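Below is one structure, written out as structure tokens; comments come after it.
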Amino acid sequence: MNSLIEQARKLYSLTEYDIIQVPHHEGGRNHIYICSLSDDKCVLRASSLNDRTEEDYLAETEFVHFLAQNGAPVADVLPSINHRYVESVNVNGQKMFLCLFACAEGMLISDNGYRYREGAPLEEYFYNTGKALGIIHRLSKEFAPRYRRAFYWEKYNPDYIDSLIPDSYKELKGAIARRLERFRLLPTDRNSFGLVHFDFSDGNYHIDMNTGKITVFDFDNCMNCWYMFDLANLWTHGVGWCQHEEEADKRRKFMEEYFSVTIKGYTSETSIAEEMLNKLPSFIDMVLIENIVDELECCKRKNEELDYEHIATAAHCLIADKPFAGFY
């Protein structure tokens with residue numbers, strides 16, 4: 001990757017910076033580098049897979065910059081010396097797309113042992129998370145893009161699912177196909193449907209442990225989808241706070257309180273129809289489908305057979321019609 005780094009140094013005036021690669025996570029499509037010079041830090045992303053076009057990256061960075069310029073708590077995209085947010089380079093005969101981002105303030109909560117900032121209640125964290133997402137969605141409703149990102153059904157449709165899932169998993173194919181038919185009936189008005197993060201979770205935002213401020217990054221999966229998808233994804237990640245509670249009623253009570261506080265933060269910035277909130281179980285199913293598809297795509301890229309255990313719980317919930325990801 002020496003050629004990549006040298007080209008990036010020239011394109012982004014990073015000659016004096018130390019550039020260190022972040023360990024590649026399983027299934028990831030990008031190479032991530034932390035660029036440091038004294039107290040100045042930024043994040044270089046190099047994308048090597050051919051499942052994104054240049055327009056996809058232009059649409060992503062256009063959205064991120066719009067959000068940042070309008071006050072959303074996101075890590076902004078930074079221009080190259082050519083005043084471009086997306087650059088393409090050739091590395092050993094392979095075309096790669098480069099983007100440079102500001103470094104988000106704070107840290108991952110996982111890097112703090114899943115401990116929130118000292119002296120502050122978890123409710124503050126839940127509220128701030130919902131509020132950050134609410135700002136992003138409020139601005140998305142105003143966004144008039146020049147470049148186009150994909151729409152949900154362009155990827156999540158019966159034909160693609162049928163080609164992706166092995167024929168031996170017939171029940172799973174049928175369970176997903178039934179959900180996709182229902183999703184087609186969901187409202188797509190501007191208050192329900194728009195450009196969303198599509199991977200809004202605690203791995204994709206930093207927390208300033210002094211103030212509680214959240215800064216969001218990694219819009220690589222952003223697509224036109226229902227705003228409720230991001231909220232349902234938050235719900236599925238919230239279960240970690242009570243997953244070891246043995247009594248289902250206590251887990252339910254915690255999750256209802258957790259999500260209520262999250263929604264209060266969210267609705268302090270934008271509205272969500274009660275009709276859509278009542279469909280939370282359907283959107284949790286949508287998240288499960290995304291998780292299954294992601295696992296299958298990862299196996300396909302690596303030319304590996306699926307380890308069914310990795311999707312067994314999600315698949316069972318869909319096949320057996322167990323709502324709320326079977327958590328209760």
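The loop-placed GluC sites (Glu not before Pro) in the stretch 90-146, going by DSSP, that have at most 14 neighbouring Cβ atoms within 10 Å of their Cβ come out as Glu118, Glu142. The charge dipole of the chain, taken about its Cα centre with unit charges on the Cβ of Lys, Arg, Asp and Glu (plus for the first two, minus for the last two), comes to roughly 660 debye. Here is the list for the stretch 257-328: GluC sites (Glu not before Pro) lying in DSSP coil, each with at most 12 other C-beta atoms within 10 angstrom of its C-beta, are Glu304, Glu305.
Gyration tensor over the Cα atoms of the stretch 2-102: the corresponding equivalent ellipsoid has semi-axes (square roots of 5 times the eigenvalues, largest first) of 19, 18, 14 Å. If you take the Cα centroid of the stretch 74-134 and the Cα centroid of the stretch 141-165, the two points sit 23 Å apart. Backbone N atoms of the stretch 157-174 closer than 18 Å to the 7 Å Cα→Cβ label point of Cys298 belong to residues 164-166.
Loop-located chymotrypsin sites (Phe, Trp or Tyr not before Pro) in the stretch 117-201 (DSSP state not H, G, I, E or B) with no more than 16 neighbouring Cβ atoms inside 10 Å: Phe143, Tyr147. Taking every DSSP beta bridge with both residues inside the chain, roughly what % is antiparallel (nearest 5)? Given both bridge residues lie in the chain, the antiparallel proportion sits at roughly 95 percent.
Against the chain, whose longest principal axis comes from its Cα atoms, helix 227-238 is set at around 80 degrees.
Given in Å, the Rg to one decimal and the Dmax to the nearest whole number for the Cα atoms of the chain are 20.2, 58. Dipole orientation for the stretch 2-102: of the candidates Gln69, Ile5, Val22, Ile5 has the Cα lying most toward the positive pole (charges on Cβ; Lys, Arg +1; Asp, Glu -1). For the chain, adding -39500 (n - 2.57) for each run of n ≥ 4 DSSP H residues and dividing by the number of residues yields -13000 deg cm²/dmol at 222 nm.
Read the figures in this text as sums done on the coordinates, not as results from a lab. Bear in mind the structure is a predicted one, so any value in this text is a computation, not a measurement. So basically every Cβ, Gly included, is an ideal-geometry build from the backbone, and we count neighbours across all protein chains shown.
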